[in-house]
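Shown next, in structure tokens, is the structure this report addresses.
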Amino acid sequence: MTMERCSSSKVIKMTEEEKLTSGEKTGKPVLYGVDDVPPAHMTVLFGLQQAVMCIGGTLSLPYILAALLCPMDEQNVRAQLLSITMFMCGVATVLQCFFGVRLPIIQGGSHTFVAPIVVMMSLEKFRCPDQGLDISTGNRTHVDWTERMREIQGNLILASMTQILLGSFGLIGIILRFVGPLTIAPTVSLIGLSLSHVVAMFCETHWGISMLTLFFLLLFSTCINKLEVPIPSFSLQRKCHTKRLPVFQLFPVVFCVSIVWALSHVLTVADVFPSNSTVTGYKARTDSKLQIMTDSSWFSFPLPFQFGSPTFSLAGYMGMLAATISSIIESVGDYFAAARISGAPLPPAHAINRGITFEGVSSIISGLVGAGHATTSYSGNIGIIGITKVASRAVFIAAGVILIICGVIGKVGAALALIPEPIIGGALLLGLGMVVSIGISVLQFCDMSSSRNVTILGLSFLMGLMVPEWLAENSEKVKTGSDELDQMIRVLFGTASFVGGFMGFMMDNIIPGSKHERGIDRWVNQSVFDPERLSTDSDPSRVYDLPYVTKYINRVRLCRFCPVSPSFIQFGSSCFKTRQGENVSTKLTNENELIPLQNGTEG
């Protein structure tokens, strides 16, 4: 404890140049750790970099929903939904970083919920009539699209309430007691692999621009990442001076997007890209989405129940619940991926419980204001941490604030949304590739010479890829006699990370194997007791503590039994000691040996 405090005080005295280069010298995985706070101007730029990546992935949701809602004025509804979506992404990100899992994670619109929405809108009473007119009653009256939105809102709110119950009662944390590397690896890796079709959808609009974007990203983040550029600066002590910073390592996405966007504009002016919207390559034009700027309003603030009172149905709730469960599985995988790539300790049960709970809270708010979808963690933004080496929580909070501003001031969000799709696709290629590799890297804790582990891993990956693909082509063959159950099966087993993680979880816990063979012992302790790898010199057990209130919570013994409390004692822990006023969890590994664990973490 004394050494940690001394190290922490030493960091305070370090100059910014020393801070930025310390990661290379000590072998730490990031330049800015979870608890580190970069200078204000750099925090804003880092946050903008993450916000740009989030907007690219979220942009398609308002377009899909606007088409499914069948409004008479689709362009205005689309612009309104775009503002609400960006606003909610910002709110959810700030809540998650402040009170949720407290890892560097961006919350964006969840595409998992599109499937149950499509099913809901295919019901007879919500089906879109020709030309937006209701001809079923013989009266040619306009269809009120808000009725469809209110149905989506109500069922989303119900499903999100269920998510809050799962998180706040600690059910997710209990399941995690049986989770090891052979569950985490396919869950995390399949998140990236299953989104390959989304990346291809962006890239296929112009493969040349996408590959050029990928080239610059690789150049900046891997080839010239250590190149330090002299930057003009000013401080009260040193006045006007220059300092050398690895700017290509810190801002690869900003530089890359700026360069390729400028080149795309030149090629657009020169009419190199086709001007026909039906021809491949049109979306590489910088003026292909100018309609967004025209449609968006200057100022709008999402209000609860602006489309009317939500409505509910059992079928809609079951579909949304299936999507929620799939989203939870992906989010838990993202939490582990974010912790690993940030050099933070593994997230304890209380942090994961809070993360899931606040995802549910954010999704309820999303339902109230009429976003039409839930929010979930974005894997691509986690991958960007591996590229930029910036894992600061403050940066992600700044990204959330930027997204809120983009949602409230419509023109600002529209300007960022103008980035051509192939540029976003090129950036996502590297980002999601990092997510896949993070999942695979977890396998280093297992004995991969074991035929047991190789069998489990191979089947998990194969089933995770095969089952969703089969369901996509044969969804009509799922017939249990209950439409609600059919829909739940399609959504759950149509999610690759759920299928792969479920198979890995079941086989790893059923097939006999020692803890060392399964990698359980090394997996639990790998981040907590490897000071060379920790991203921060502060007490690692404090990464997941709630700001300002943890010291008061620790004084209340009853809080130890609250699954979302930082002092939560995971049921089944063997021994607990109080040392210097702090709770230290310990696990009895044999009769004479005690190994200290992170608060709330169970091996």
Percent of Cα-Cα pairs per 5 Å bin, from 0 to the last occupied bin, for segment 408-448, please list those. 6, 17, 14, 13, 13, 11, 9, 7, 5, 3, 1
In Å, the Kirkwood estimate of hydrodynamic radius for segment 334-375 over Cα pairs equals 11.5 Å
For segment 188-277, the Rg and Dmax computed from alpha carbons only, in angstrom: 18.3, 58
For a label point 7 Å from the Cα of Val412 along Cα→C-beta, name the residues of segment 29-55 whose backbone N is under 12 Å from it. 48
In Å and from the alpha-carbon atoms only, list the Rg and Dmax of segment 154-214. 18.4, 50
Percent of Cα-Cα pairs per 10 Å bin, from 0 to the last occupied bin, for segment 301-423, please list those. 10, 33, 36, 19, 2
Once both labels are modelled 7 Å past Cα along the beta-carbon direction, what's the Val37-Val266 spacing in nm? 4.2 nm
Cα-Cα separations in segment 241-319 greater than 21 Å, expressed as whole percent: 63 percent
Cα extents of segment 400-509 along the principal axes, largest first, in whole Å, come to 55, 45, 25
For the Trp298, Ser275 Cβ pair and Förster radius 41 Å, calculated FRET efficiency rounded to 0.05 is 0.90
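Calculate the dipole size of segment 339-493 relative to its Cα centre from +1 charges on Lys and Arg beta carbons and -1 charges on Asp and Glu beta carbons; express the result in debye to the nearest 20.
Numbers: 9 positive and 9 negative charges, 116 e Å.
Computed about the Cα centre, the dipole is about 560 debye.
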So, by mean Cβ neighbours within 10 angstrom, what's the order for 497-506, 441-450 with the highest one leading? 497-506, 441-450
Per residue accessible area of segment 281-372, 1.4 Å probe, in Å²: 30 Å²
Report the full-extension gain for the segment Thr222 to Lys477: residue separation times 0.36 nm, less the Cα-Cα distance, to one decimal in nm. 87.1 nm
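If you take the beta carbon distance between Tyr552 and Arg177 as r and set R0 to 25 Å, what does 1/(1 + (r/R0)^6) give as a FRET efficiency, to the nearest 0.05?
Using R0 = 25 Å, I get an efficiency of 0.35.
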Could you check how much of the accessible area of segment 198-347 is carbon and sulfur, as a whole percent, using a 1.4 Å probe? 69 percent
Just to confirm, what accessible area per residue do you get for segment 404-526 at 1.4 Å probe, in whole Å²? 42 Å²
Probe 1.4 Å - accessible area at Arg560, Å² to nearest ten: 40 Å²
For His41, solvent-accessible area (1.4 Å; no DNA, RNA or ligand), Å²: 110 Å²
In segment 289-363, the chymotrypsin sites (Phe, Trp or Tyr not before Pro) that sit in a DSSP loop and have at most 13 other Cβ atoms within 10 Å of their own Cβ are Trp298, Phe299, Phe305, Phe312
Segment 379-457 pair-distance distribution - Cα-Cα, 10 Å bins, rounded %: 15, 29, 31, 13, 9, 2
Keeping the other protein chains in place, figure out the carbon and sulfur percent of the accessible area of segment 376-527, with a 1.4 Å probe. 68 percent
For segment 294-353, what's the radius of gyration and Dmax over Cα atoms, in angstrom? 18.4, 47
Sequence ranges 456-467, 419-430, ranked by mean other-Cβ count within 10 angstrom, highest first: 419-430, 456-467
From most to least accessible, 1.4 Å probe, no ligand or DNA/RNA atoms counted, His197, His350 line up as His197, His350
In the neighborhood of Ser275, defined by Cβ-to-Cβ distances under 13 Å, what is the net charge if each Lys or Arg adds +1 and each Asp or Glu adds -1? 0
Which distance in nm do the two modelled labels at Met211 and Val229 give, with both placed 7 Å along the Cα-to-Cβ direction? 2.6 nm
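The values are calculated or read from the model by the stated rules, or taken from the named source; none is laboratory data. Since the model is a prediction, treat every value here as computed from it, not as a measurement. Every residue, glycine among them, receives a Cβ derived from its backbone with ideal geometry; neighbour counts consider all protein chains shown. Ligands, DNA and RNA are excluded from the accessible area calculation, which covers all protein heavy atoms including side chains. Shrake-Rupley method; radii C 1.70, N 1.55, O 1.52, S 1.80 Å.
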